[in-house]
Amino acid sequence: MALPLADELKADAPALPAGLAFRPFRGDEDLAAFVGIANAANREDGVEERASLEGLRNWAGFPSRTFNAADDLVVVEADGAPVAYGWTTWVDASDGVRDYSTRGHVHPDWRRKGIGTAILQRNEARLRALAAEHAVDKPAFYSAFSPESRIGAVALLQGNGYRPVRWFFDMVRPDMENIEVPDMPAGLEIRPVSGREQMRQLFDADVESFLDHWGGFDASDESFEQWLADPDYDPSLFVVAWDGDEIAGAVVNIINEHENAEFGRQRGLLDSVFVRRPWRGRGLASVLVARSLVLLRERGMTSAWLGVDADNPNGALRLYEKAGFAVDKRASAYRKPLEVTQ
């Protein structure tokens, strides 16, 4: 069994600079500090994401078999105050491997002191213990994800043997003018979702649709509950295509008021765009994207963005370009072989 985090840190804590120490996560008092650390790091690295206390509370508040903040989240403190944090999780990926993921943020004022390296070493030790405990019959890899603008993180990963294996784009539609809405495919209609049962139906349809896409997706009950509790969750923004009682496809849209205020803009996110296999090839995705843009415009948005796998197997990149989106930022998924020892 993997050791509880407190014992693990006592037994095998990577070296930190003098005056710094690892410790376990302490709940809300740490989350408030994490907001400042993550947002300072994002500003420094040119990453247009902003953490909120509500969002981090939701992230840490739904323990599951793949992530439990009590064991998988570690804090680096100086004089009793957090200056960095790291975490691990894992997922079975669609290409037949198990990804053991390492993540972390270091406040810019504390960078270039070896903290990121120590967090990576601690995370890898944690992931090795988990992999040995799991003993699954499939290849295991350490994995990480980083926007290319995080120059320090990219250098750290590559210097420790991680190699890019997949590329992703953030795409932006800079205005909401001249939106062309194609006709709906015959037999389908746009209807809202309501009630817990339909929300679960939508969640499961989303997960199912991405089974043939690269990566892994947590379809657990805990993940569903976390989705419902997301502070940006607003079903009135969802555009869902129905074929009778079956969901054919949807776009799960989000308006992040916190980030819009930070950047002085009104931008909506097409967070998940999907069409289930039986309904593909009929132009439904183009309709859903266009109707989402119209809806976001009606809600006061003046631009929109989304993320896409550069090698999406269903031609999503071309679809989004046709809908007026252009590549704005790039990121990579990284992997390194993980040798499991029993």
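Numerical summary
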quantity	calculated
In the stretch 90-102, residue farthest from A32 (Cα to Cα) [restricted to those that are buried (at least 19 other Cβ atoms within 10 Å of the Cβ) and not acidic (D, E)]	V97
Residue match in the stretch 301-309 (condition: at pLDDT 95 or above and more than 27 Å from S146 (Cα to Cα))	yes
The stretch 225-242: number of residues that are more than 29 Å from M184 (Cα to Cα), open to solvent by less than 60 Å² (accessible area, probe 1.4 Å) and not charged (D, E, K, R)	2
Counted residues, the stretch 134-177 - those being part of a loop (DSSP other than H, G, I, E, B), closer than 21 Å to T341 by Cα and aliphatic (A, V, I, L, M)	2
Pairs with Cβ under 9 Å, 6+ apart, first in the stretch 45-69 and among the β-branched types (V, I, T), second open to solvent by 50 Å² or more (accessible area, probe 1.4 Å)	V47/K329; T66/D218; T66/E222
Sole residue being part of a loop (DSSP other than H, G, I, E, B), among the acidic types (D, E) and in contact (Cβ under 8 Å) with a residue 60 or more places away in the chain, chosen from E180, E259	E180
Residue, farthest from E49 (Cα to Cα), within the stretch 262-295, restricted to residues that are in contact (Cβ under 8 Å) with a residue 12 or more places away in the chain and part of a loop (DSSP other than H, G, I, E, B)	R282
Residues being aliphatic (A, V, I, L, M), at pLDDT 95 or above and in contact with an Asp or Glu (Cβ under 8 Å, 6 or more places away or on another chain) - total across the stretch 1-37	2
Per-region count, the stretch 247-292, residues open to solvent by 60 Å² or more (accessible area, probe 1.4 Å) and not basic (K, R)	10
Subset tally (residues that are aromatic (F, W, Y) and open to solvent by less than 20 Å² (accessible area, probe 1.4 Å)) for the stretch 299-308	0
Lone unmet requirement of (1) in a strand (DSSP E or B); (2) touching a Gly at 6+ places or on another chain (Cβ under 8 Å) for M301	(1)
The lone exception for S332 - which of (1) open to solvent by 30 Å² or more (accessible area, probe 1.4 Å); (2) at pLDDT 95 or above; (3) among the hydroxyl-bearing types (S, T, Y); (4) not in a helix (DSSP H, G or I) it fails	(1)
Those residues of the stretch 199-223 which are open to solvent by 50 Å² or more (accessible area, probe 1.4 Å) and among the charged types (D, E, K, R), in sequence order	R200, D204, E208, D212, D218, D221, E222
Candidates W87, W110, W59 - the one that is open to solvent by 20 Å² or more (accessible area, probe 1.4 Å) and closer than 30 Å to R265 by Cα	W59
Test: residue in the stretch 152-167 that is surrounded by 14 or more Cβ atoms within 10 Å (Cβ to Cβ) and closer than 22 Å to S220 by Cα	no
Of residues in the stretch 309-325 being assigned to a helix (DSSP H, G or I) and aliphatic (A, V, I, L, M), the one least open to solvent (accessible area, probe 1.4 Å)	A316
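The values are calculated or read from the model by the stated rules, or taken from the named source; none is laboratory data. Quick caveat, the model's predicted, so the values are computed rather than measured. Don't worry about glycine lacking a Cβ; one is built from the backbone with ideal geometry, like all the others, and counts go over all protein chains shown. With ligands, DNA and RNA removed, areas are computed over all heavy atoms of the protein, side chains included. Shrake-Rupley method; radii C 1.70, N 1.55, O 1.52, S 1.80 Å.
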